[in-house]
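Encoded as structure tokens, the structure appears first; notes follow it.
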Amino acid sequence: MELESLLKQYFGYTSFRPGQHEVIQTLLDGRDCLAIMPTGAGKSICFQLPALMMPGVTLVISPLISLMKDQVDSLVNQEIPATYINSQCTFEEAKARFAAIRAGRVKLVYISPERLENEFFTSFMQSLPISMFIIDEAHCVSQWGHDFRPSYCAIKDWIVALPKRPVVGAFTATAT
């Protein structure tokens, strides 16, 4: 399906903003991408749209629980199969979300970088086809990674340990 028709169908836009099409095409071509775009430029669409077109699941690293919830709520309202797994999920909620992911009913899974340290989660994800690994708010890797959120520093090793390396995308508005 043509990119513009998916953009209209899922997001309600008739054309891409500057830079979006190039970033989307880069990811769809299977190439890693760092996108530094201003706030409001539509960075999220740049990985959400390819996630719909690629086989398997897209894993999105997000720094804040509230940001995950907002993103997923918005996607679900647009009938895009997305979920999050974080410390706010009850055991039953997490169990249902893992079952939906396993069944292929979810295209985007939002997590914190700390989730990558969970052995069950890692084992579970290694058994699935992961098409993309996205780091949203990528400036957190350098700003928080070494002191406040050391889990950001483990992302590379986690990706390397996967049976098949996914396309990697990093998105930020505030990188210097």
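Annotations
- Cα gyration tensor shape for the stretch 1-142, rounded if a/c is under 1.5, else prolate or oblate: prolate
- Simple Cβ-charge dipole of the stretch 61-176, Lys/Arg +1 and Asp/Glu -1, about Cα centre, in debye nearest 20: 420 debye
- In percent, rounded to a whole number, the relative contact order of the stretch 32-171 is 35, using alpha-carbon pairs under 8 Å and six or more apart.
- Build a GNM of the chain with springs between Cα atoms under 10 Å apart, and of 25, 88, 48 the one that fluctuates most is 88.
- The helix-only estimate of mean residue ellipticity at 222 nm for the chain, built from DSSP H runs of length n ≥ 4 each weighted as -39500 (n - 2.57), is -11000 deg cm²/dmol after division by the residue total.
- Share antiparallel - DSSP beta bridges, the chain, percent rounded to 5: 0 percent
- Cα gyration tensor category, rounded, prolate or oblate, for the stretch 1-69 with a/c compared to 1.5: rounded
Values in this text are rule-based calculations from the coordinates and carry no lab data. Not measured: the values here are computed from a predicted model. Heads up, the Cβs are rebuilt from the backbone with ideal geometry, glycines too, and the neighbour counts pull from every protein chain shown.
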